Amino acid sequence: MSSELISNNFRMDKLPHIWCPGCGHGIIMRSLAKAIDNLKLDKSKVCVVSGIGCSSRAPGYMDFNTLHTTHGRALAFATGIKLANPDLEVIVITGDGDCSAIGGNHLIHASRRNIGITTILFNNNIYGMTGGQYSPTTPNKSYGTTAPFGNIDKPFDICKLADAAGATYVARGTAYHANQLIKIIEKSIQNNGFSLVDAISVCPTYYGRKNKKGSSVDMLNEIKDMTIDIKTAEKLPLDKYKDKLLIGEFKNTEQPEYTAEYQKIINRFKKER
Amino acid sequence: MSAKELKVKIEWCKGCGICVAFCPKNVLELANEKINIKDKDSCIKCGQCELRCPDYAIYLEVLDDGK
Ligand SMILES: Cc1ncc(C[n+]2csc(CCOP(=O)(O)OP(=O)(O)O)c2C)c(N)n1
Ligand code: SF4
Ligand code: SF4
Ligand code: SF4
């Protein structure tokens, strides 16, 4: 037996998943399933698309229309799916490497077009699947297998990146704050346009070990201590929260959605023909 | 509200200890690297364990409330 949420939304014969003990990706995948369940979406209208990475294995476990594609290209495939079938609720699951290194170009252009896709970024600040290389979200001075003396790069704030590029819904949640994450994902799916949810995960196996972060429990507690909700922060002077990571909803706006605009062109063409 | 019961699916448990750490009532422990309910009577059915178990190995089952 297992909970109804799991048996109703997962491919039971594929569980347990292959992720390491304490991997935050499991918490975020459940949060996504819970959000879809809460919204009572028609399962046949949900399509979950991923690239390559530990995070990108998630659609293999989820009982919806699913597509496991190539590294960095989930948004390119998802764009095709959404244009061919605008009625589908297209959800992309991606990692920080998948989304912001090799797939960074797709991210900015999907944001710019405001295409109706919801992207859930399982952000563990490292390349998990390939053994702990640093990614574009690895903090400065952190360690990775490719940064044995500390990372000299400065990380992307992917929320700011997606916001600047034109995404209409932008929020950050975490595996620790899973109840809030569920609500955020619900709203991101409801947005009619491009949504980016930066979901902070933990990789105890690579990021944790390389940076002496302790157990998964220690890493989740660190998330609790290092974050502050934007609503709380807004009431405080900057120096009280400048070293903290902001979480919560950063942007929720309305702009023309790409596939709807595209349909207008098709309609015009049909009329003028 | 319908009644709930705390359940485990031991085969799926990877012994990460997350549920143990975030249970507010100290209901859970690890025994031989697997989850064990040590004090079921203290459980307040808050669902914090289920919320963060990365392997879906602990959950509150909703009972039919006898209907
Ligand atoms: C074109 C291509 N380049 C490189 C790889 C190797 N590769 C597989 S997964 C991965 C990075 C995964 O990191 P991330 O997207 O952050 O996901 P995580 O595993 O941390 O969840 C890389 C570089 C690949 N599969 N394909
Ligand atoms: S390597 Fe890291 S991200 Fe991949 S399954 Fe293990 S803990 Fe999770
Ligand atoms: S439901 Fe709450 S009190 Fe009961 S075991 Fe889970 S976390 Fe502890
Ligand atoms: S959180 Fe889940 S996998 Fe981890 S010890 Fe508890 S029941 Fe086992």
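The values are calculated or read from the model by the stated rules, or taken from the named source; none is laboratory data. Just so you know, these numbers come straight off a predicted model, no measurement behind them. Please note: Cβ atoms are built from the backbone with ideal geometry, for glycine as well, and neighbour counts cover all protein chains shown. Side chains are part of the model used for accessible areas, which takes the heavy atoms of the whole protein and leaves out ligands, DNA and RNA. Shrake-Rupley method; radii C 1.70, N 1.55, O 1.52, S 1.80 Å.
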Percent RCO, i.e. relative contact order, over region B:4-62, from Cα pairs under 8 Å lying at least 6 residues apart: 46 percent
Exposure rank, largest accessible area first [A:Arg57, A:Arg11, A:Arg112; 1.4 Å]: A:Arg112, A:Arg57, A:Arg11
Region B:33-57 residues near the modelled B:Ile10 label - backbone nitrogen below 12 Å, point 7 Å along Cα→Cβ: B:33-37
Paramagnetic label zone (point 7 Å from Cα along Cα-to-C-beta, A:Lys224; backbone N under 18 Å) in region A:178-197: A:178-182
Average beta carbon contacts from partner chains per residue of A:14-27, 10 Å cutoff: 5
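Roughly what % antiparallel, to the nearest 5, for the DSSP beta bridges in chain A?
About 20 percent, rounded to the nearest 5.
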Neighbour cut-off at most 11 other Cβ (10 Å), DSSP loop, trypsin sites (Lys or Arg not before Pro), region A:142-220: A:Lys212
Computed magnitude of the charge dipole of region A:140-205 (debye, nearest 20; Cβ of K, R +1, Cβ of D, E -1): 100 debye
Gaussian network model of chain A, Cα within-10 Å springs - most flexible of A:Cys47, A:Cys159, A:Cys20: A:Cys20
In order through region A:142-152: 3J(HN,Hα) via Karplus (6.51 cos²θ - 1.76 cosθ + 1.60), integer Hz, x for Gly, Pro: 6, 9, x, 5, 9, 9, x, 10, x, 6, 8
Protection-proxy order for peptides B:18-29, A:234-245, each taking the mean of Cβ atoms within 10 Å per residue, highest first: B:18-29, A:234-245
Region B:4-62 - accessible surface per residue (Å², probe 1.4 Å): 48 Å²
Average beta carbon contacts from partner chains per residue of B:55-61, 10 Å cutoff: 6
Euclidean distance between Cα centres, region A:80-141 to region A:229-253, Å: 23 Å
Residues of type lysines that A:Lys270 reaches as a straight line, Cα spacing below 26 Å, ignoring anything fewer than 8 places off in the same chain: A:Lys82
Average partner coverage of A:175-187, which counts Cβ from other chains inside 10 Å: 2
Subset of A:Lys43/B:Lys40; B:Lys4/B:Lys34; A:Lys213/B:Lys9; A:Lys213/B:Lys34; A:Lys244/B:Lys38; A:Lys40/B:Lys4 violating a 30 Å alpha-carbon distance limit: A:Lys43/B:Lys40; A:Lys244/B:Lys38
Amide H contacts under 5 Å for A:Thr119, placed H, 5+ residues apart: A:Val92, A:Ser195, A:Leu196, A:Val197
Which of A:Ile223, A:Asn192, A:Thr253, positive extreme of dipole for region A:184-273 (C-beta unit charges): A:Asn192
Nearby aspartates and glutamates by direct alpha-carbon distance to A:Lys141 (threshold 14 angstrom, same-chain neighbours under 8 apart not counted): A:Asp153
Cysteines having no other Cys beta carbon under 4.7 Å from their own, within chain B: B:Cys13, B:Cys16, B:Cys23, B:Cys43, B:Cys46, B:Cys53
Dmax and Rg, reported as Rg then Dmax, of the protein assembly as shown (C-alpha, Å): 20.4, 74
Helix A:104-113 axis, angle to chain A major axis (alpha carbon atoms, nearest 10°): 40 degrees
Among A:His71, A:His109, A:His17, residue whose mean-square fluctuation peaks in a GNM of chain A (springs only between Cα atoms under 10 Å): A:His17
Distance in nm between pseudo-label sites at A:Thr70 and A:Asn252 (7 Å out along the Cβ direction from Cα): 3.8 nm
Phi to ³J(HN,Hα) by Karplus 6.51 cos²θ - 1.76 cosθ + 1.60 over region A:11-26, Hz, x for Gly, Pro: 7, 4, 6, 9, 9, x, 6, 8, 5, 4, x, x, 5, x, 4, x
